[in-house]
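Before any comments, here is the structure.
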Amino acid sequence: MSRKSPRSRRNAKPASRMPGKNRTRTAPGRGRQSVRAAASAARKPARGKPHAPKGARPRRLAAPDAVRVAALLGILERLHPEAATALRHANALQLLVATILSAQCTDERVNMVTPALFERFPDAAALAAAGRAELEDLIRSTGFFRNKAKAIQACCADIVAKHGGAVPRTLEELTALHGVGRKTANVVLGNAYGIPGIVVDTHVQRLSQRLGLTREKDPVKIEFALMPVIPRERWTLFSHWLILHGRQVCVARKPRCSICPLAPHCPRTGVTSSQ
Ligand code: SF4
């Protein structure tokens, strides 16, 4: 048994003889029992609300139920009645080429380039056989012009070799073309052929997460997650609506939630600051 020195014995605080003296004090007039009663009352659900399961975390993501989705679609439709692709085109080939050119470039810039391009090379065979230097010159201002020229020519060569110069009408055939992914294929299907397709670009990716429609981050997974949530006949328009809304209101850095008509139906998933 250790022995205390005379000094430590002198400095030691006398132990309280009052029971409960060292416990945390409750508010005056509230004993241990009243504290327990208050805690129990706090755990009770408000009338009409079910008990949350023990250990359950608060839900931030409202399920994309049909009523909420219908409300979102109705508002988006009223907000953007003019929704359509901004890329000017006269046929499926022109839209396909314009979509390839729109990578890392604005639609306005692409629209400035394509009239001269399609006048000089009016079909897939002409584009496939074009002199590389001349083609690059015509599309130079869209950026990454060497890669884009190469992609356009390889894609057009595929169209000529496999489809007799006509742009195919199925997702499988389109994505089998050189350099054509699901996004480009869905743009062509939806806007040139009227075949519904969900185009997942950066805006659709961001907004579908903020709106609580999916937790997926990969564009292809987002597309597949949205398919059962959005009525098929509205897939193409839905993409246009989200793209326009993403450009005008739900911008990347600070979404304009205070003026957003979707706000009552939006869980704002992942939004940390807004204006
Ligand atoms: S409420 Fe905010 S986060 Fe939701 S769609 Fe509108 S701007 Fe985007």
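Every number in this text was worked out from the coordinates using simple rules, so none of it is lab data. The shown structure was predicted, so the numbers you read here are calculated from the model rather than taken from an experiment. Virtual Cβ from ideal backbone geometry, glycine too; neighbours counted across all protein chains shown.
So if we plug the beta-carbon distance of residue 107 and residue 195 into 1/(1 + (r/R0)^6) with R0 = 25 Å, what FRET efficiency do we get, rounded to 0.05? Working shown, then result.
Details: r = 21 Å, r/R0 = 0.86.
About 0.70, to the nearest 0.05.
Would you order 158, 201 from fewest to most other beta-carbon atoms within 10 Å of each residue's own beta-carbon?
Taking fewest neighbouring Cβ atoms as first place, the list is 201, 158.
Once amide H atoms are built 1.01 Å from N in the peptide plane, which residues 5 or more positions from residue 212, or in another chain, come under 5 Å H to H?
269
Using a ≥ b ≥ c from the Cα gyration tensor of the range 111-169 (square roots of the eigenvalues), is it rounded, prolate or oblate, where a/c under 1.5 gives rounded and otherwise the larger of a/b and b/c decides, a/b for prolate? Before the final figure, lay out each step's value.
Numbers: a/c = 1.95, a/b = 1.65, b/c = 1.18.
Prolate.
Nothing charged except the Cβ atoms of Lys and Arg (+1) and of Asp and Glu (-1): what's the magnitude of the dipole of the range 92-192 about its Cα centre? Round to the nearest 20 debye. Each step should come with its number before you reach the end.
Working: 11 positive and 10 negative charges, 49 e Å.
Around 240 debye, computed over the range 92-192.
Mind checking the full-extension length gain between residue 224 and residue 178? Use 0.36 nm per residue of separation minus the Cα-Cα distance, one decimal, nm.
Full extension of this stretch gives 14.3 nm more.
Taking square-rooted eigenvalues a ≥ b ≥ c of the alpha carbon gyration tensor, is the range 92-192 rounded, prolate or oblate, where a/c under 1.5 means rounded and, failing that, a/b exceeding b/c means prolate? Don't jump to the answer; show the numbers that get you there.
On the way: a/c = 1.70, a/b = 1.26, b/c = 1.35.
Oblate shape, in that a/c is at least 1.5 and b/c is the bigger or equal ratio.
How would you rank 273, 102, going from fewest to most other Cβ atoms within 10 Å of each one's own Cβ? Don't skip to the answer; put the middle values down first.
Working: 273 8, 102 21.
Fewest-to-most ranking of 273, 102: 273, 102.
Name the shape class, rounded, prolate or oblate, that the alpha-carbon gyration tensor gives for the range 136-203, where a ≥ b ≥ c are the square roots of its eigenvalues, rounded holds for a/c under 1.5, and otherwise prolate holds if a/b is larger than b/c and oblate otherwise. Write out the running numbers ahead of the final one.
Numbers: a/c = 2.23, a/b = 1.24, b/c = 1.80.
Cα axes put the range 136-203 in the oblate bin.
Distance in nm between label sites at residue 90 and residue 233, each 7 Å beyond Cα in the beta-carbon direction?
With each label placed 7 Å out from Cα toward Cβ, I get 3.2 nm.
Treating the Cα atoms of the range 198-265 as identical point scatterers in vacuum, please give the log10 of the normalised Debye intensity I(q)/I(0) at q = 0.14, 0.27, 0.29 Å⁻¹, two decimals.
Normalising to I(0) and taking log10 leaves -0.37, -1.30, -1.41.
Apply 1/(1 + (r/R0)^6) to the Cβ-Cβ distance of residue 141 and residue 263, taking R0 = 41 Å, and write down the FRET efficiency to the nearest 0.05. List each step's numbers first, then the result.
Values: r = 39 Å, r/R0 = 0.95.
Calculated transfer efficiency: 0.60.
Hey, with R₀ at 41 Å, roughly what FRET efficiency would residue 161 and residue 248 work out to, going by the Cβ-Cβ distance, to 0.05? Intermediate results must be reported in sequence, preceding the final value.
Details: r = 42 Å, r/R0 = 1.02.
Plugging the Cβ-Cβ distance into 1/(1 + (r/R0)^6) gives 0.45.
Through the Karplus equation 6.51 cos²θ - 1.76 cosθ + 1.60, θ set to phi - 60°, convert the phi angles of the range 81-91 into ³J(HN,Hα) values in whole Hz; use x for Gly and Pro.
Once θ is set to phi - 60°, the couplings for the range 81-91 become x, 8, 4, 6, 5, 7, 7, 6, 7, 10, 7 Hz.
Can you give me the P(r) profile for the range 61-118? Cα pairs, bins 10 angstrom wide beginning at 0, each as a whole percent.
With 10 Å bins starting at 0, P(r) equals 20, 32, 21, 22, 4.
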